[in-house]
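The values are calculated or read from the model by the stated rules, or taken from the named source; none is laboratory data. On a predicted model such as this, the values are computed, not experimentally measured, just so you know. Note: ideal-geometry Cβ built from the backbone for every residue, glycine included; neighbour counts use all protein chains shown. The protein model used for the area step is the full one, side chains on, heavy atoms only, and it has no ligands, DNA or RNA in it. Shrake-Rupley method; radii C 1.70, N 1.55, O 1.52, S 1.80 Å.
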Amino acid sequence: MRGHMNNVSCVLFHAKQDIIVSNSEDKSIRVWDATKRTGIQTFRREHDRFWILAAHPEMNLLAAGHDSGMIVFKLERERPAFAVSGDALFYTRDRFLRFYEFSTQRETQVLPIRRPGSPSLNQSPRTLSYSPSENAVLLCSDIDGGSYELYCISKDGYGRGDLQDAKKGVGVSAVFVARNRFAVLDRSSNQVLLKNLKNEIVKKTVLPIATDAIFYAGTGNLICRSEDRVVLFDLQQRIVLGELQTPFVKYIVWSSDMETVALLSKHAIIIANKKLVHQCTLHETIRVKSGAWDDNGVFIYTTLNHIKYCLPNGDSGIIKTLDVPIYITKVSGNTIFCLDRDGKKRAIAIDSTEYIFKLSLLKKKYDHVMNMIKNSQLCGQAVIAYLQQKGFPEVALHFVNDERIRFNLALESGNIQIAVASATAIDEKDYWYRLGVEALRQGNAGIVEYAYQRTKNFERLSFLYLITGNLEKLSKMLKIAEVKNDVMGQFHNAMYMGDVRERVKILENVGHLPLAYITASVHGLHDVAERLAAELGNNVPSLPGGKVPSLLMPPSPLTCGGDWPLLRVMRGIFDGGLDNMNRGAADEEYEAADADWGEELDLVDVDDLQNGEVAAILEDGEVADENEEEGGWEMEDLELPPEADTPKAFLSTRSVFVAPTPGLPVSQIWIQKSSLAADHAAAGNFDTAMRLLNRQLGITNFSPLRSTFLDLSTGSHSYLRAFSSAPVISFAIERGWTESSSANVRGLPALPLRLPQLDERLRAGYKSTTAGKFTEALKAFTSILHAIPLIVVESRREVDEVKELIIIVKEYVLGLQMELKRREMKDNLTRQQELAAYFTHCNLQTPHLRLALLNAMTVCFKAKNLASAANFARRLLETNPTVETQAKTARKVLAAAETNMTDAKPLNYDFRNPFVTCGATYVPIYRGQKDVSCPYCTSRFVPSQEGQLCTVCDLAVVGADASGLLCSPSQIR
């Protein structure tokens with residue numbers, strides 16, 4: 001077998017096919033047909049010789065080593081063509097069309113597929129379309145640039161394997177659109193040819209967009225795919241029914257009721273309804289391989305190494321890890337039917353409990369949720385975090401036994417009783433403090449008092465009695481402070497009670513006789529004041545005259561005693577149904593014991609107090625109540641029979657005071673409603689905003705965006721101080737708000753960054769460029785590049801303006817960077833001329849292009865490179881310069897160069913060959929040479945710069961895979 005032009009370095013036989021693979025020093029890899037001894041395919045590299053080959057022992061992968069590295073590739077695509085119709089699966093394998101019935105798991109070999117005539121790879125069918133009513137199959141492949149084969153299968157033809165003559169035709173895509181009609185895409189004329197089963201053209205229809213593939217979308221309808229969008233097209237009425245902006249779509253999967261569709265691209269899944277109205281978008285970091293809808297409306301899909309699920313609201317998770325990639329054909333209950341890369345059928349059992357549980361929460365099927373909590377083993381930190389995030393902390397409570405986690409969840413859900421139980425079990429000061437804060441927020445003074453007692457926080461306890469007006473217990477706190485010899489506590493309690501005599505007594509006991517005298521005199525306690533004056537003698541302090549004294553008394557509380565009034569609401573389904581799980585008679589005793597928290601102080605273990613002394617203090621005000629037997633109704637106990645007891649079931653239906661559950665924060669609503677990075681940044685969720693920018697634009701360097709992130713977060717809120725002692729209240733500012741807007745529907749955030757502001761920066765950059773202030777101009781243009789990823793516009797026209805603005809600004813940034821670099825290189829005249837020449841090939845405004853041409857002409861003329869100078873002079877004159885001195889100078893240079901049209905030193909510059917300039921090395925990349933680009937600003941670079949940070953935008957990684965700029969809600973509708 002001949003074909004290589006230099007030494008053959010390595011040869012190997014393919015493990016599964018009659019193929020020989022060889023590589024050579026002629027910079028090529030060749031694939032040979034071992035039976036026919038002819039070449040099938042050739043792979044080439046421009047600058048590297050190949051030396052070695054290796055084949056994967058199990059997978060269809062080859063590796064080849066060359067001068068500068070290694071490549072891993074496969075010869076053929078491995079996804080089998082298949083179509084599912086009800087309980088049947090049609091698929092291709094080993095040159096045969098096969099039929100598989102899911103219910104009986106019976107497989108039948110239907111008919112052989114004719115072997116293609118041309119010896120080439122990737123000739124197996126790419127897609128398969130099936131018409132159940134006519135029992136016809138369409139197979140599409142890449143033979144002859146795209147062709148199809150139509151097979152009509154007789155009802156008794158299953159299993160016979162008879163060779164049929166297929167009806168063939170040319171077309172990139174072919175799908176059935178009706179019972180006996182199929183559509184074929186003709187890309188040359190951008191038409192769809194509607195044909196019958198005799199392969200005769202019935203009708204031709206021009207498509208609304210430049211289409212490279214068509215997909216079935218219901219009877220008489222097609223989905224037309226272009227590079228950046230899909231369109232739902234009605235073949236009968238010839239109208240567009242829907243349109244959706246998407247990354248490049250590879251596969252389309254409809255639900256069984258044809259109400260929902262999943263659009264699968266390389267790294268994204270877009271869920272839409274039957275009119276292509278966007279519902280959610282899910283991004284993946286590795287390739288999406290296949291997917292199918294289950295019976296509950298959940299989309300199950302596979303990546304290279306996982307089976308995952310996607311709920312209708314965009315939530316996703318991992319179901320199972322895979323060893324090898326699979327292609328899902330159908331999901332039935334807890335079984336996934338699929339094909340592997342060898343075309344073999346597999347059935348994989350999965351646990352659907354997690355996503356069914358989340359789906360039930362999403363659809364508010366709370367009875368189903370309760371049943372799953374009681375009967376399933378669903379647990380884990382991920383489920384608990386999900387329930388917290390979605391606003392169901394009361395449900396998460398029933399998944400955990402750890403008292404610390406239960407305490408946090410109870411506080412979040414407002415379930416103060418469970419929080420008390422957990423705090424009692426933990427019994428740490430910090431938890432009692434947090435319990436007191438939450439109980440105070442709910443106005444439950446009894447639990448606040450109990451929490452302060454457990455932590456022995458006497459100062460807070462005294463203040464609680466002050467604001468609740470409980471003077472009786474405040475007097476007890478005064479006695480306790482006196483027993484503990486806490487002077488400051490005594491004085492504070494005396495001030496809280498307004499007891500002047502006690503204050504004078506405390507001051508006198510600690511030796512502050514002048515203060516005691518002044519306090520007694522001011523408040524009219526003359527007998528005490530005379531006694532203190534006698535003790536002070538000549539040191540009696542003088543009081544200022546003309547002052548009217550007033551008694552210093554604390555303000556009266558708004559509510560005296562008891563808890564604050566709360567809304568009366570019924571127990572929710574999770575409160576009533578789940579609270580009784582795993583609870584017995586012990587809970588009833590607990591409820592009875594904890595019926596009233598605030599009746600007595602539990603202070604018997606106070607340090608430095610004897611039990612007898614404390615008992616005397618606490619019983620001091622209670623004896624009278626116990627002995628008070630006079631009056632009352634004098635009702636006697638009724639001796640009722642046991643069967644007359646109130647049934648316990650009645651207790652579970654009572655209404656109770658429950659604090660209302662807080663709604664979702666506005667920031668979380670913004671995150672759920674929008675896929676735009678700017679809205680996530682405005683919500684303060686910088687992590688998701690950065691992930692979106694990384695997926696959409698390949699951005700990894702977020703340092704230049706830090707100030708913009710902070711501006712968006714603060715600029716989308718307003719702040720109001722209600723009272724001097726109250727915390728600042730934050731209000732969300734929504735864009736598009738009007739007086740007619742519904743109060744219950746939250747809009748997206750108002751953003752301080754707008755397109756007109758970028759236009760002003762652009763004009764400022766133009767002005768600085770004209771004035772020759774290149775550093776200032778570069779700063780203005782770079783700020784635009786750093787602002788565009790976080791801008792939001794409304795219309796498609798504005799989206800196009802933003803994309804055009806990126807191209808404009810990118811050209812100026814690259815040109816100005818080269819010019820500033822040229823000015824730094826004082827000693828290298830050749831490099832100065834090259835940079836000046838490359839600057840003239842940036843896409844600049846005409847006045848700036850004239851100045852760049854004039855600059856390059858001058859530099860080259862001074863260096864005696866007359867041929868290059870003459871070229872720049874001609875280009876300058878072609879722009880019809882309005883400044884006469886420019887035209888005059890150009891004519892003089894042309895006249896001087898005509899006598900000697902040569903260059904003194906050769907330059908790396910060929911103006912006759914179109915090129916772009918590398919944004920990092922500033923060398924020309926001529927047409928036909930390989931290059932890589934920045935996924936954000938589209939600047940071009942030599943291949944060696946792949947994986948490096950883009951030097952033009954300073955944000956994205958060169959050569960990174962990204963889905964594209966997303967800056968408007970209109971792009972995802």
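Taking all protein chains together and rolling a 1.4 Å probe, Glu794 ends up with roughly 90 Å² accessible. Working from the Cα coordinates of segment 404-454, the gyration tensor eigenvalues give, after taking √(5λ), semi-axes of 14, 13, 8 Å in decreasing order. Under 5 Å from the amide H of Leu955 lie the amide H atoms of Cys950, each residue being 5 or more positions distant or on a separate chain, with H modelled from the backbone and absent for Pro and chain starts. Placing a pseudo-label 7 Å from each Cα along the Cα-to-Cβ vector at Leu304 and Gln17 gives an inter-label distance of 2.1 nm.
If I take R0 = 30 Å and measure r between the Cβ atoms of Asn538 and Glu459 in this structure, what FRET efficiency does the formula 1/(1 + (r/R0)^6) give, to the nearest 0.05? If you can, show how the numbers build up before the last one.
Values: r = 39 Å, r/R0 = 1.29.
So the FRET efficiency works out to roughly 0.20.
Along its principal axes, segment 135-267 has C-alpha extents of 46, 32, 29 angstrom, given from the largest down.
Which of the peptides 541-550, 189-198, 442-451 is most tightly packed, and how do the rest follow, judged by the mean count of other Cβ atoms within 10 Å per residue?
Numbers: 541-550: 7.3, 189-198: 16.6, 442-451: 22.1.
The most tightly packed comes first, giving 442-451, 189-198, 541-550.
Taking all protein chains as they are arranged and a probe of 1.4 Å, the heavy atoms of Ser795 leave approximately 40 Å² accessible to solvent.
For segment 709-857, report the % of Cα-Cα distances exceeding 27 Å. Taking all Cα-Cα pairs of segment 709-857, the fraction more than 27 Å apart is 43 percent. Taken one residue at a time, the phi angles of segment 191-199 give Karplus couplings (6.51, -1.76, 1.60, θ = phi - 60°) of 10, 10, 9, 8, 10, 9, 6, 8, 6 Hz. Gly and Pro are set to x.
Each residue was assigned an accessible area with a 1.4 Å probe, and for Met488 the value is about 110 Å².
Seen from all sides and averaged, what is the projected area of the convex hull of the Cα atoms in segment 1-76, in nm²? Please report the intermediate quantities before stating the final value.
Details: hull surface 18.6 nm².
Result: 4.7 nm².
Binning all Cα-Cα separations of segment 924-965 at 5 Å, short to long from zero, yields these whole-percent fractions: 5, 28, 33, 20, 10, 3.
Take Val175, Val261 and sort them by solvent-accessible surface of the protein heavy atoms, 1.4 Å probe, largest at the top. Don't skip to the answer; put the middle values down first.
Working: Val175 20, Val261 0 Å².
Output order, biggest surface exposure first: Val175, Val261.
Amide H contacts of Gln279: Ile271, Ala272, Asn273, each under 5 Å away and 5 or more positions distant or on a separate chain (H built 1.01 Å from N in the peptide plane; Pro and chain starts excluded). Here the peptides 407-416, 747-756 are ranked by packing, the mean other Cβ count within 10 Å, and the order with the highest first is 407-416, 747-756. Spin-label model, Glu884 to Lys364: label points 7 Å out along the Cα-to-beta-carbon direction sit 8.0 nm apart.
For segment 1-139, the per residue solvent-accessible surface stands at 53 Å², with DNA, RNA and ligands left out and a 1.4 Å probe. Per the Debye formula on identical point scatterers at the alpha carbon atoms of segment 311-360, with no solvent, log10 I(q)/I(0) at q = 0.23, 0.32 Å⁻¹ is -0.94, -1.27.
Between Ile729 and Asp212, the simple label model (points 7 Å from Cα in the Cβ direction) yields a spacing of 5.5 nm.
Can you give the alpha-carbon Rg of segment 822-897 over 2.2 N^0.38 Å, where N counts its residues? Write out the running numbers ahead of the final one.
Numbers: Rg = 11.7 Å, N = 76, 2.2 N^0.38 = 11.4 Å.
The value comes to 1.03.
The simple Förster model, with R0 at 22 Å and r as the Cβ-Cβ distance, assigns Cys10 and His56 a FRET efficiency of 0.90. With a cut-off of 17 Å on the backbone N, the residues of segment 897-923 near the modelled label site 7 Å out from Phe774 along Cα-Cβ are 917-923.
Roll a 1.4 angstrom probe over the protein heavy atoms and tell me the percent of accessible area of segment 849-901 that is carbon or sulfur. Each step should come with its number before you reach the end.
Working: 1490 of 2700 Å².
Its accessible area is 55 percent carbon and sulfur atoms.
Remark: segment 483-498, residue by residue, has Karplus-estimated 3J(HN,Hα) of 5, 6, 6, 9, 5, 5, x, 4, 5, 4, 5, 5, 5, 4, 7, x Hz, where x stands for each Gly or Pro and the curve is 6.51 cos²θ - 1.76 cosθ + 1.60 at θ = phi - 60°.
Here the accessible area is traced with a 1.4 Å probe on the protein chains. For segment 209-263, carbon and sulfur cover 48 percent of it.
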